[in-house]
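Here is the structure we will look at, set down as structure tokens.
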Amino acid sequence: MLKIPKHLLKYSPVVCYMRCRGAGRPMREYVGDWPKRHRIYPCTIKRDTEGHERVLVAGVGLPLPYFGFQRWRFKLLAEVWLN
């Protein structure tokens with residue numbers, strides 16, 4: 001069973017299950033985990049300061065100044081409302 005990290009729950013009562021469809025290459029200066037293509041991840045979707053949708057992936061930490069992954073990299077499979 002997949003456990004949902006508590007840091008995702010404080011942002012939203014919705015957890016999205018998304019498939020990574022475009023992993024690509026991480027940036028040169030990127031340090032950390034990178035999602036793998038065709039794997040399914042629990043995520044939340046948030047907007048950055050410029051209004052772009054960003055995907056926050058559970059278990060894949062992004063160092064600053066990155067807010068999240070680009071929305072086009074993931075395909076939404078299901079949304080689960082947590083009550």
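What follows draws every value from the coordinates through simple rules; no lab data is involved. The model shown is predicted, which means the values in this text are computed figures rather than measured ones. Neighbour counts are summed over all protein chains in view; Cβ atoms, including those assigned to glycine, are modelled from backbone coordinates with ideal geometry.
Couple of notes before you dig in:
- Under 5 Å between amide hydrogens, built in the peptide plane, is the criterion, and for Ala23 it picks out Arg37 among residues at least 5 positions away or on other chains.
- Net charge contributed by nearby residues that have their C-beta within less than 13 Å of Ile45 (K/R +1, D/E -1): +3
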